[in-house]
Amino acid sequence: MMKKKKVIALVAHDNRKKDMIEWVSWNWKELAPHSLICTGTTGKLVEEKVNEICQENDIIPPDVLKLKSGPLGGDQQLGAMICEGKVDVLIFFWDPMQPQPHDVDVKALLRISTLYNIPTAINRSSADFLISSELFHQEYEPLLKDYSAYIKRDINI
């Protein structure tokens, strides 16, 4: 069950970090009541920006948990947290034009977010739609597919 206060993961590849910070600046009011998890440098930049904006507006900034950088295991840390039910939403501004040294980790993270049926935005437009949804502001129970048949099939091989 997703509570009203969400745990939102924010991830951005190097060429998309500026976009992420602009998006966070634009949507800080929506993000402030929630907890944030970020990988590497994105976390440092997001924390600086939300702290600056919240201080200017005299409100308490959201908690920002900073994981390792994506190529150093941050994507895998985040994937594990999704598996454990500790993340409600993933906003991942990935760069489709730049090869990543950790491409397999990126693919695994997107696969896990799909497997566990968490709302996932991969660009500014989808992030805007997600954060402006009525469902974003209330409790929500995502339906999870039962994959046990896949596991049984693999064991019997």
Within the range 121-137, does at least one residue satisfy the condition of being surrounded by 14 or more Cβ atoms within 10 Å (Cβ to Cβ) and over 14 Å from the mean Cα position of the chain (by Cα)?
no
Pair list, Cβ < 8 Å and 6+ apart or interchain, from the range 40-69 residues that are over 15 Å from Ser25 (Cβ atoms) to residues that are in a loop (DSSP other than H, G, I, E, B) and modelled with pLDDT of 95 or more:
Gly40/Lys68
Mind telling me which of the residues Met1, Met20 ends up being of a type outside the set (S, T, N, Q), touching a residue at least 60 places away in the same chain (Cβ under 8 Å) and farther than 17 Å from Asp95 by Cα?
Met1
List every residue pair whose Cβ atoms sit under 6 Å apart, with the two residues 6 or more apart in sequence or on different chains, where the first one lies in the range 133-148 and is under 27 Å from Ala32 (Cα atoms) and the second, anywhere, is loosely packed, with under 10 Cβ neighbours inside 10 Å and of a type in the set (A, V, I, L, M, F, W, C).
Glu141/Met1
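Residue-by-condition table, conditions (1) in contact with a Leu (Cβ under 7 Å, 6 or more places away or on another chain); (2) farther than 14 Å from Thr42 by Cα; (3) surrounded by 18 or more Cβ atoms within 10 Å (Cβ to Cβ):
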| residue | (1), (2), (3) |
| --- | --- |
| Ile60 | no, yes, no |
| Pro71 | no, no, no |
| Gly85 | no, yes, no |
| Ile91 | yes, no, yes |
| Met97 | no, yes, no |
Leading residue by the ranking (nearest to the chain's Cα centre (by Cα)) among those in the range 30-81 that are polar (S, T, N, Q) and part of a loop (DSSP other than H, G, I, E, B)
Ser69
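The values are calculated or read from the model by the stated rules, or taken from the named source; none is laboratory data. As the structure is a prediction and not an experimental result, all values here were calculated from the model. All Cβ positions, glycine included, derive from the backbone under ideal geometry; neighbour counts span all protein chains shown.
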